[in-house]
Each structure stands twice: as structure tokens, then as C-alpha cells.
1. Going by the conditions given, is Gly343 in contact (Cβ under 8 Å) with a residue 12 or more places away in the chain and under 29 Å from the mean Cα position of the chain (by Cα)?
2. Evaluate the following for Ala139: is it modelled with pLDDT of 95 or more, under 16 Å from Leu55 (Cβ atoms) and touching a Lys or Arg at 6+ places or on another chain (Cβ under 7 Å)?
3. Among the residues of segment 68-113, write down those that are assigned to a strand (DSSP E or B) and charged (D, E, K, R).
4. For segment 236-275, give me the residue count where each residue is in contact with a Phe, Trp or Tyr (Cβ under 9 Å, 6 or more places away or on another chain), within 20 Å of Glu410 (Cβ to Cβ) and not hydroxyl-bearing (Ser, Thr, Tyr).
5. If a residue must be surrounded by fewer than 18 Cβ atoms within 10 Å (Cβ to Cβ), modelled with pLDDT of 95 or more and of a type outside the set (D, E, K, R), how many such residues does segment 93-118 contain?
6. Gln334 is checked against (1) touching a residue at least 60 places away in the same chain (Cβ under 8 Å); (2) closer than 29 Å to Val242 by Cβ and fails just one. What number does that condition carry?
7. Restricted to segment 197-229, and to residues that are of a type in the set (Gly, Ala, Ser) and surrounded by fewer than 16 Cβ atoms within 10 Å (Cβ to Cβ), which residue is modelled with the lowest pLDDT?
8. Considering only residues that are assigned to a strand (DSSP E or B) and in contact with a helix residue (DSSP H, G or I) (Cβ under 8 Å, 6 or more places away or on another chain), which ones fall in segment 248-267?
Amino acid sequence: MRRIVGAIPDRLVRRLALALWLAGPLALGPLAAQAQVAPSALAAEMGEGGDASGLRAFYAARGFRPLWIEQGGAAPAARALLDLIRDGALDGVKSRKAREGDLRRALDRAQAPTAENLLRLEVAASRALAAYVQQMRKAPRAEVIAESPALLPGVPTTAAVLQMAAAAPSLAQFVQAMGWMHPAYAPLRRALAAAHGNAAARQVLEANLARVRALPAPGPGRYVLVDAAAARLTMIEDGKPVGAMRVVVGKPDMPTPMMAGFLRYARLNPYWNIPPDLVRARIAPQVVARGPGYLRAKRYQVLSGWEDDAKVVDPAQIDWPAIAAGFGEVRVRQLPGGDNFMGRVKFMFPNDQGIYLHDTPEKALMKEDERQFSSGCVRLEDAPRLGRWLLGRPLPRAGKAIDQRIDLPEPVPVYITYLTAAPDAAGRIAFLPDPYDRDGRGAGGSGNANAR
């Protein structure tokens, strides 16, 4: 067979290959075995270097079946992809880097649906999709404090992009909904494309697109998404929301940062280790005015330091006027129970900002429409429900044990974002207030101030 193919001009090989390929085994009958010519035709069209190896790996894994050709012509998804790439500036992508010209020319040729033209379209569309997705993942996005680069979207390989597309129930829907991005992205992008002449709306939409570019695409697994602008937490499983609750987030002068981390464990009956700036601003002045009895009334303890084995010390030994004036700092913690700001449980993910998710005794704040009241941490409307979802079982009863650590069965990613424009259940874009004044900062606004 190889000797026969080698004697035929490349153009005829490609035409024969695609004709056999598109016909399919049922139509070919006894000639079905000759469909193995298709790999040679594809290889010739792909060339060498660059993304060729990824293309070959993808098509080999699917038996060299086409992705972009149906019923002897171009699938609508190919034209939809070209439309997206032409407007690549909306995504921070230069259309030439996403092979817009190659795809446009291939689609034009495919209007004469010869075998050679369709083969060229097949390869051009796959190349363009891979390049477009890769360029989008390199585009500017909001600055996020991340525990690990693994939490932020990376640049996928050519084969990985095409495998995503092939696995979608509908290729056309995958392209139109930009299924390689977080589900909020495509509706925001459409709104931006329609916002002609509205500079204010465009600025808000561009800022939010940059934030969404830092969020994960649909896929297997679980994660927690906290939207500080909406003051809402959503539990995501296999790309779908499975539960939500209200939360309280940081005040405008102590904003909750945009972050990504791994929730690793819970602490039952937790202490509240009060951040030094709050000790200076709120507690030290009260001790100066009311004496150490203020600390006992609020169930606060003073410790010798931040080490795990730090000792409780006599508050009378502390120079409280100096602390209030900003000269030095002291560790103060609140005992569990009662009016402890942490409530019954807090969920921990490592970060230098002192941010975590926790229960709260101040449930009345959850009834407010705008819920920016905390010192930066995320207060939960229903901490036990989140605990059940994270652990796969109800939170254990802590009894009298203090600050008891409960490890999660496996780390669960948590993303804290800030969406002042986002699609509602009907797909319409809802615009929210900008309490942290981030929409005008460009690239999504950093929001990286230290806060708790």
C-alpha cells in the first residue's frame, strides 16, 4: 500500500484520502481498509514542527475522524470560530496570532467542497482553535494572590484544546459558549461587543472579563467560588453550581483580596487571633480608656508571641498607649464560644493575608443587600452546610475541645473574585455596585491590600 501511495502525486493522495475518510466505513464497503491513507494526507497538510505533533496526536487518538466537517461541508462551528477570532481584541488577543487569515481563506475555499479544500479546512480550523485558546490564556488577567500557579489557568497544549472540543456534546455550542473559559465569560464578552459608544459600560465589562480570565473553566472536580462584589459563595462540582449562600466580606477600607488557594482543614471551636492592626486601632484604645477589665469582659487573652507554644501573659505588662500609637504590636486572641467572631468553625487555606472562611454569630448581617462589613475575611451564612460539602459528612461535635483541627479528605480549591458585572440565571448581564472602587484600575483591579 505504501508503495502505491508513494507513486501517486500528493494532491491526489489527499483527495483520495479525504474522499474515503468522509465517506466512512459503511459507505466504503470493501474499500474501507484503504481509509488508512487518511493519516498520510493529514500529515502532509499539517507539515512539521510547531503544533503538528499535537494535531497528529489528537487525530490519531480519534481514528482520524474529522471534527469540523459534516455532511460533506464545513460545520457551522468553523464559521462561529472565525467570528470569535475576528473580534479577538475583546479577549486581548491579536487575530493574526490566532490564525484568522488561514481559517478565513480555508472557509472561503471550502465553499467549493472538494476533498482537498475540506481537508485544508479541517486542519486550519483545528489549528485556529488551538491558537486562539492558547492566546486567550496568555492574555492579561486580573492580579490574583495565588497559593500555587496550578490554581490559575495555564496554557493548554494543542491536543488538550482539541480533546476538549471533541468531548463537548455540541461543537457549535462549545465554540459559541467559549467552553474553554468560565461560563460567565461568553455572556460578558457578548455584552462588551454590543456596548458600542458606552465607554463606562465597556470599562466595567473589560475589568470583569479580566477577572473571569483568572477563573477555572468547567471540568471535573470541586471548588468554592466567593464573589466579594455580590457577597455570595457558590459550591461548584464538575463545572456546575450545587449550592450557594450569602456571605459577609470586607469593608471598603479593608477589602477582601482576589485570591486562590486550597482549603485544607477546618478548626472547630476556634480562637480568633486578632490581626495586629485591629489590636492597634480598636482594642488598645479601649484598654487605655477602660483598663485591663475590658479584655476580660470581651474574653480576650494576651500572648507572648505568635509561636504555637506562646504563653498567656498579664495584660498589665503591656504598654497599651504605645500599642495604640503604633509603636510595637502584641498578639491578642479571643476565646472560643460566646460572641467569638469566628463562630463554631473556620475553614483554612494558607495565605499571608490572614484570610479564611468562617462561621459568624452576627447572622442578622446576612439579611442586608450589600454585605461588606468584615475586616477582610469571609463570614458564612451556613458554615455547617459548607462543612458537610467539604468533608462529605457533617462537621463533628467539638464538645469542649478548643481549636480542634479537622483535615479535609482532600484539598478543595477556593477562588475569591470580584464581579461587578455577571450574567444572571437568564443570561442577562447584571451590574452591581463597585464598593472597592476597582473597576477603573485596569486589568481587573488588583485588590491585593492586606486584610482579615
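The values are calculated or read from the model by the stated rules, or taken from the named source; none is laboratory data. Just so it is clear, the structure is predicted and the values come from calculations on it, not from any experiment. FYI the Cβ positions are ideal-geometry reconstructions off the backbone, even for glycines, and counts take in every protein chain you see.
1. yes
2. no
3. Selection gives Glu70 alone.
4. So the answer is 12.
5. 1
6. (2)
7. This residue is Gly197.
8. Val248, Ala260, Gly261, Phe262, Leu263, Ala266
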